[in-house]
Structures are given as C-alpha cells and as structure tokens.
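See below for the structure under consideration.
Coordinate-derived values only; no laboratory data. Quick caveat, the model's predicted, so the values are computed rather than measured. Glycine gets a Cβ as well: all are built from the backbone with ideal geometry, and neighbour counts include every protein chain shown.
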Amino acid sequence: MSVEKRFVRYRESVKAVSEYLGHADPGLTLRVYAHLMPESRHRARKAMEGVFGVQDHEG
C-alpha cells in the first residue's frame, strides 16, 4: 500500500498529506487522491442531516 493510501486510510488531514507529499496546494492532493476517500460522501451526508435535521433520499 502506498504512503498516500495509508494517510487516507488513517484519516490524516489533507493539509498534512499535502505537506508530506510536497504539494504546494492541498487542492491538488484532493484532486489526485479523492477517489481513495469513498466514505467521505457518507460522512458529509450524515453531517448535513445532523445540521439541518433532514433525511437523505439515498438512505
């Protein structure tokens, strides 16, 4: 497993991963490695439900 995948697996911050990899912008890190974070969509949906008290249509 690559270093990048390990960072994501252990939920290290994008900023920390970006700095470690030498990326000037955390946005680059996100664009390159976002596919490694499939559970982030679920967490974001749950957070929105908590904030707005709205049930998601996807379940």
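Quick notes
- Rounded to 0.05, the FRET efficiency of the LYS46 and TYR10 pair, given R0 = 25 Å and the Cβ-Cβ distance, is 0.80.
- Karplus-based coupling profile of the stretch 41-46, in residue order and whole Hz: 5, 5, 4, 5, 4, 5, with θ = phi - 60° in 6.51 cos²θ - 1.76 cosθ + 1.60 and x standing for Gly or Pro.
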